[in-house]
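One structure is given here, and the rest of the page talks about it.
What follows is calculated from the coordinates using simple rules that are stated; it is not laboratory data. On a predicted model such as this, the values are computed, not experimentally measured, just so you know. Don't worry about glycine lacking a Cβ; one is built from the backbone with ideal geometry, like all the others, and counts go over all protein chains shown.
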């Protein structure tokens with residue numbers, strides 16, 4: 001059994017908030033995409049929903065309070081076409097990766113492994129979205145790092 005490290009609960013709560021926002025953002029993203037890219041957006045949303053559900057269970061089992069989901073989230077720019085939807089998908093995955101990077105730093109053992117898996121998944125998905133959108137470079141040196 002792992003003893004939670006200081007800050008693990010707040011890092012998980014912050015990651016949960018990021019997952020809420022990611023799920024919400026994939027709505028405006030998905031409506032601007034078609035075919036295989038729309039299916040990729042559905043898959044991404046489903047992954048974020050699973051992660052959200054896992055975090056809710058984890059925080060609840062630990063006796064921690066859950067951050068509230070919002071009715072809506074502000075998008076960083078208007079999503080009006082396929083190109084802006086793809087840019088938003090990259091942005092969503094990069095932002096969510098940042099919260100998971102913080103969770104990696106604040107956790108240990110199995111919790112760290114779970115956070116690292118989420119960070120890697122977000123980084124890989126961001127790379128796929130960049131490739132689809134024709135954005136270069138395709139990867140970032142340190143996924144999740146904002147500076």
Using only the alpha-carbon atoms, how far is helix 8-30 inclined from the longest principal axis of the chain? Give it as 0 to 90 degrees, nearest 10. 20
Apply the Debye scattering formula to the range 73-143, with a single equal point scatterer on each alpha-carbon and no solvent, then give log10 I(q)/I(0) at q = 0.17, 0.18, 0.20, 0.25 Å⁻¹. -0.63, -0.69, -0.80, -1.03
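Subtracting the Cα-Cα distance from 0.36 nm times the residue separation, let me have the gained length for residue 73 to residue 138 in nm, one decimal. Walk me through the numbers on the way to the answer.
Numbers: separation 65, 0.36 × 65 = 23.40 nm, distance 2.66 nm.
So the chain would gain 20.7 nm between residue 73 and residue 138.
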By how many degrees, between 0 and 90 and to the nearest 10, does the Cα long axis of helix 109-133 differ from the longest principal axis of the chain? 10
Based on the alpha carbon coordinates of the range 39-100, what radius of gyration and maximum Cα-Cα distance (Dmax) apply, in Å? 14.0, 43
Counting only C-alpha contacts under 8 Å and six or more residues apart, can you give the relative contact order of the chain as a whole percent? 30
Can you compute the modelled spin-label distance between residue 60 and residue 31, with each label point 7 Å from Cα toward Cβ, in nm? 3.0
Taking the 0 to 90 degree range and rounding to the nearest ten, how far is the long axis of helix 82-106 tilted relative to the main principal axis of the chain, both from C-alpha atoms? 20
For the chain, built as a Gaussian network whose Cα springs stay under 10 Å, the top-fluctuating residue of 18, 74, 105: 74
Relative pair counts by distance (%), Cα atoms of the range 1-134, 5 Å bins: 2, 11, 21, 23, 17, 12, 8, 4, 1, 0
